[in-house]
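The values are calculated or read from the model by the stated rules, or taken from the named source; none is laboratory data. Since the structure is predicted, the reported quantities are computational estimates derived from the model, not experimental observations. FYI the Cβ positions are ideal-geometry reconstructions off the backbone, even for glycines, and counts take in every protein chain you see. What goes into the accessible areas is simple: the full protein's heavy atoms, side chains included, and nothing from ligands, DNA or RNA. Shrake-Rupley method; radii C 1.70, N 1.55, O 1.52, S 1.80 Å.
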Amino acid sequence: MLGQIAGLSFEKDEVGSEILDNLIKEAFKLNASDIHIDPTPSGLSVRFRIDGSLHRLPSIHLERHPEIVSRIKILAGLRIDEHRKAQDGRIRFDLIGSDGFVDIRISTAPSYHGESVVLRMLYDKDEAMSLQSLGFSESNLAKIKRAMGKTGGMILATGPTGSGKTTTLYSILKELNTEDASIITIEEPIEYSIHGIRQIQVDYGSQMNFANGLRSILRQDPNIIMVGEIRDRETAAIAVNAALTGHLLLSTLHTNDAASALPRLMDMGIEPFLLASTFNLAINQRLVKKICLNCRTKFDVGDSQRKTLEELLNKSLRDIVFYKGLGCDRCHQSGYSGRTLVAEVLALNEEIRRLIVEKKTAGEIRQRAVKNGMPPLLSDGIAKASLGITSLEEALRVGYE
């Protein structure tokens with residue numbers, strides 16, 4: 001059990017504030033991304049999300065539930081007398097000592113047995129915000145750098161929730177954040193505070209949604225704009241207009257591959273000729289677990305699976321070696337430690353622009369992009385598996401999503 005490995009145990013007479021402090025400190029040590037606190041009839045269930053997977057800790061006595069939730073609400077400035085509505089807030093938690101502090105996003109929600117709470121750990125580490133450290137291949141990184149060098153147009157990060165899209169955009173913004181650049185963002189919520197960048201929080205109570213926020217931003221003389229997500233027709237129209245009038249615009253879309261971002265915007269009412277003129281780049285990405293270097297070993301996939309992979313990728317894998325983690329104390333017997341991304345990056349050229357104007361499907365655009373040299377998601381995953389960065393299992397998992 002992870003709680004035993006982490007050295008955590010909870011006594012019945014331990015007060016809620018002490019339990020919460022210990023949970024946050026332990027989550028920080030284990031580099032957990034989230035802490036889930038859920039009341040059940042038998043006790044308070046606590047789980048850490050580490051490298052994308054949830055791990056259960058020893059349960060906490062149910063009597064501590066009101067204390068822990070109240071403590072969280074007080075720290076986050078939420079209403080402690082409101083139990084029937086969801087609330088969102090933020091905490092800056094002092095870790096005491098050389099670790100400094102960690103920002104935590106709070107979300108409470110009513111459930112059948114009481115309020116559940118999720119704490120999202122926001123690690124403000126410089127290395128985590130470096131574009132080079134995220135895991136892009138050299139060819140994909142070069143495409144992104146070329147798009148970043150333009151003074152206008154759109155760069156979109158696509159993929160499902162939790163695929164690292166916002167982290168990628170933040171990393172791009174950090175590199176673009178120079179003294180002569182005016183950068184403004186509109187986000188929901190603001191994940192990280194970046195010095196030198198004006199960041200605006202979406203606030204539906206004051207009518208500050210993505211569309212209205214983007215309108216306001218355009219009157220603030222920006223060079224570069226980041227919109228947290230393009231999710232409706234109005235926001236899409238304003239974003240494309242901004243990209244067309246000399247602003248470099250970054251945003252996210254929920255699509256399964258890079259090519260699907262183009263028809264998705266057309267479905268939102270964007271004219272194909274405008275899209276062809278403004279669209280620069282689409283990054284589709286997923287997060288995969290990295291093999292623990294302490295227990296990594298070579299792995300023979302077998303002739304049958306190798307043949308299947310060769311047919312999928314249309315190339316020989318005869319001399320390729322794959323790896324897996326055996327599991328050790330350092331990785332809590334999981335065989336994995338940390339995460340990296342796999343990606344496909346669609347950079348527009350004249351041929352792709354013509355397909356957009358002709359209103360071709362995402363499949364046709366994707367097929368042409370692959371023929372023109374775009375490695376698909378699965379290929380990037382297999383390449384990282386062959387380098388021993390991730391496992392073949394992880395590469396296939398995201399490649400077939």
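Here segment 14-55 is treated as a Stokes sphere of Kirkwood radius computed over C-alpha pairs; at 25 °C and 0.890 mPa s its diffusion coefficient rounds to 225 µm²/s. Remark: the chain is approximated by an ellipsoid whose semi-axes, taken from the C-alpha gyration tensor as √(5λ), come to 37, 30, 18 Å, largest first.
Quotient of the Cα radius of gyration of segment 321-401 and 2.2 N^0.38 Å, N being its number of residues: 1.45. Neighbours of HIS55, meaning other residues whose beta-carbon lies under 9 angstrom from its beta-carbon, give a summed charge of +3 when Lys and Arg score +1 and Asp and Glu score -1.
Give the Kirkwood hydrodynamic radius (Å, one decimal) of segment 63-105, defined as one over the mean of 1/r across all pairs of different Cα atoms.
Details: mean 1/r = 0.0867 Å⁻¹.
It is 11.5 Å.
Legend: translational diffusion of segment 287-338 by Stokes-Einstein, Rh = Kirkwood radius over C-alpha pairs, 25 °C, 0.890 mPa s; D = 201 µm²/s.
For the chain, give the percent of accessible area contributed by carbon and sulfur heavy atoms, probe 1.4 Å, rounded to a whole number. It would help to have the intermediate numbers written out before the result.
Numbers: 9110 of 19250 Å².
Percent of accessible area from carbon and sulfur atoms in the chain: 47.
Each part reduced to its alpha carbon centroid, segment 62-93 and segment 318-391 end up 41 Å apart. Its Cα gyration tensor gives segment 34-127 an equivalent ellipsoid; the semi-axes, largest first and in whole Å, are 23, 17, 12.
Remark: segment 209-248 is approximated by an ellipsoid whose semi-axes, taken from the C-alpha gyration tensor as √(5λ), come to 15, 11, 8 Å, largest first.
In terms of the mean number of neighbouring beta-carbon atoms within 10 Å, the peptides 368-375, 297-304, 71-78 order highest first as 71-78, 368-375, 297-304. Considering all different alpha carbon pairs of segment 223-306, the Kirkwood hydrodynamic radius works out to 15.5 Å.
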